[in-house]
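Shown next, in structure tokens, is the structure this report addresses.
Read-outs: derived from the displayed coordinates by stated rules, not from any lab. What you see is a predicted model, and the numbers here were worked out from it, not measured in a lab. Ideal geometry is used to build each Cβ from the backbone, glycine not excepted, and the neighbour counts take in all protein chains shown.
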Amino acid sequence: MRSRGSGTRAARPLKYSTVCTALRGRNPRNQHRLYGRSRLQVAAIGYNQDMIVNGTSATPASHPTVSGAELPRLAKKRFLHDAAESVRDTDHRAFIRKALGGYYVSHNAQKSRFRDWEQARDAASLAKWSAVNRLDELLPRFVANFEANGGQVHWARDADEARTIVLDLVKAARAKAVIKSKCMTSEEIHLNAALEADGYGVVESDLGEFIQQLRGEPPYHFVFPCMHVRREEISDLFGRHLGTAPTDSPEELTMIARRHMRGLYIDADVGITGANFLVAETGQISITENEGNARLTAALPRVHIAISGFEKVVEHLDDLAVLLPMLATAGAGQPMTCYNTLYAGPRQPGEADGPEEMHLVLLDNARTAILADPEQRDSLHCIRCGACLNVCPIFKNVGGFTYGTTYQGPIGSVITPHLRGLADWNHLSGASSLCGACSDACPVRIDIHHHLLHNRRNAARTSPNALEKIGHKLFVMVARRPWLFALGGKLFRQTLPLLKALRPPLLRDWLASRDLPQAPRESFRRQWERRRPETRV
Ligand code: SF4
């Protein structure tokens, strides 16, 4: 299938070397200032854009009722239980660490190919920053250009609406079979379960997603969906479901999936994809992938449906010259992902291939609530590269399933409370060492670990924990009285061995996988005074 662009700009190839060209002479700080004023107050253009422009819809995402959804009140309990189990599973932790070891090596190697990685991060951050802060202007521009290319846009306020829109489109297409490429927004709205409940067969065409579908599991990691699965397990899985002979060869395993998939592309009436970027100036959808399955999913079936959060808009095609290599390097340690395709509407008269219809479902699902929050708005800059997961000590220890969310790891812990309710999901923000590795790794410079603190603060304000409140009050009382603080320290030092032995309920979970340190014989203050007697007060 040929991707149509608009004029010569669309035809310009995206090369790794263009990144450095794009970076030269840019001063992100000044450009941030250029767009410094809020431009979110413009005339409303119908319901949906009004919602975006004013950032006020903030309709809480209803918890999907289809299977795969989490019962919110159980989320925290299950998280604590699963986290404790995963931490004890040393085999699983070692396997994940080994899998990520390869990523670190290639990530560092590819980063070093950038003339200036930090400047590239500034440029990527600026591209997303200026787009998200001008959604009022850029979304209508994208929609107008996308529709001029022959595509149809559908606005979905929440997961229910998005599922209804997709199901209606699938029904209208009289589809018997649906094929999907990797699409995290479809995971977010629990689309597969809804399609299956309505009697439609749906097949994941991304290899990792296909493996997860056969295993009956959600993605473990939103970039590497089956990173926790060993090669021999995949071979067994294919043997059971596809009747293939055991093999240890990754190439052969890939070919098995490929042979199985080819016929399904031909049979499918509807192909569903996600979108990595929505280019406002050309009305094109950019999809980046390593297997070529998204191209086939979008090109072969009669109807192509793309599902995307509205925050994926970028202004210029040139922005992709920065964002695509950053996404590939930060996410998978690649210089560029293998296939980078721009989709611009359905097949036109005289064209040999492409779908008859192309639809784009633009999803809100509480993104307007994030947009309306100046403190955390930059979490909408996320390009879903997964780098923050790969470096997170918590993710490496508890694993992807423990989160119970579509988006795992640090960024998932930031946005899930917005998408699914702070009261039920604020525990995720506590699952952080606040080391800041996530923020350092983020190619678009999202201040992730501070957003975790913002969520903690907001949760403490909106649903205070009585025990925590008493604890804080006690601490303030003690900390304001030096003699009491010193006495408390002395008592603590002396009773530490007893606490270790008795394991009181409050400390039991903590002590289950840790040892308390030896208490020093003297307090810090006494040691300090001994070394620097002149500071004695
Ligand atoms: S928050 Fe940053 S590092 Fe994490 S997935 Fe998004 S873009 Fe990547």
Using a simple charge model, +1 on the beta-carbon of Lys and Arg, -1 on the beta-carbon of Asp and Glu, nothing else, what dipole does the range 250-345 show about its Cα centre, in debye to the nearest 20?
340
Dividing the surface of the Cα convex hull of the chain by four yields a projected area in nm² of 29.6
Cβ-derived FRET efficiency at R0 25 Å, THR254 paired with ASP353, nearest 0.05:
0.55
Between Rg and the Kirkwood Rh of the range 371-429, both from Cα atoms, what is the Rg to Rh ratio?
0.96
Once fully extended, how much extra length lies between ARG531 and ALA423, figured as 0.36 nm per residue of separation less the alpha-carbon to alpha-carbon distance?
34.1 nm
Positive-end residue, the range 466-535 charge dipole about Cα centroid, Cβ charges, pick of GLN527, PHE492, PRO517:
GLN527
Simple spin-label estimate for ALA148/SER523, 7 Å along Cα→Cβ, in nm, reads 7.3
Quickly estimate the mean residue ellipticity at 222 nm for the chain, helices only: each DSSP H run with n ≥ 4 gives -39500 (n - 2.57), and the total goes over all residues, rounded to 500.
-16000 deg cm²/dmol
antiparallel share of DSSP beta bridges within the range 136-289, to nearest 5, in %, is 30
Computed curve, the range 240-390, Cα-only Debye sum without solvent term, log₁₀ I(q)/I(0) at 0.11, 0.16, 0.20 Å⁻¹, is -0.54, -1.03, -1.31
Antiparallel DSSP bridges in the chain: what percent, to the nearest 5?
25
Full extension from LEU474 to GLU85: what is 0.36 nm times the residue separation minus their Cα-Cα distance, to one decimal in nm?
136.8 nm
Calculate, in whole percent, how much of the Cα-Cα pair population of the range 356-485 lies beyond 18 Å.
59
What number, in percent, do you get for the relative contact order of the chain if the mean sequence gap of Cα pairs under 8 Å and at least 6 apart is divided by its residue count?
20
Below 8 Å, C-alpha to C-alpha, sequence gap of six or more: please give me the relative contact order for the range 255-357 in percent.
32
State, in angstrom, two size descriptors of the range 466-535 derived from its alpha carbons: Rg to one decimal place and Dmax to the nearest whole number.
14.8, 43
To test your reading of the geometry: what angle, between 0 and 90 degrees and rounded to tens, separates the Cα axis of helix 159-172 from the longest principal axis of the chain?
20
When the label point is put 7 Å from the Cα of LEU74 along its Cα-to-beta-carbon vector, which residues of the range 197-222 have a backbone N closer than 16 Å?
218
To the nearest 20 debye, the chain has a Cα-centred charge dipole, built from +1 on Lys and Arg Cβ and -1 on Asp and Glu Cβ, of 2880
Vicinal HN-Hα couplings computed from phi for the range 419-425 (Karplus, 6.51 cos²θ - 1.76 cosθ + 1.60; Hz; Gly/Pro x):
6, 10, x, 5, 4, 8, 10
How far, in nm, would the chain grow between ARG461 and TRP510 when pulled straight, counting 0.36 nm per residue and subtracting the alpha carbon separation?
15.1 nm
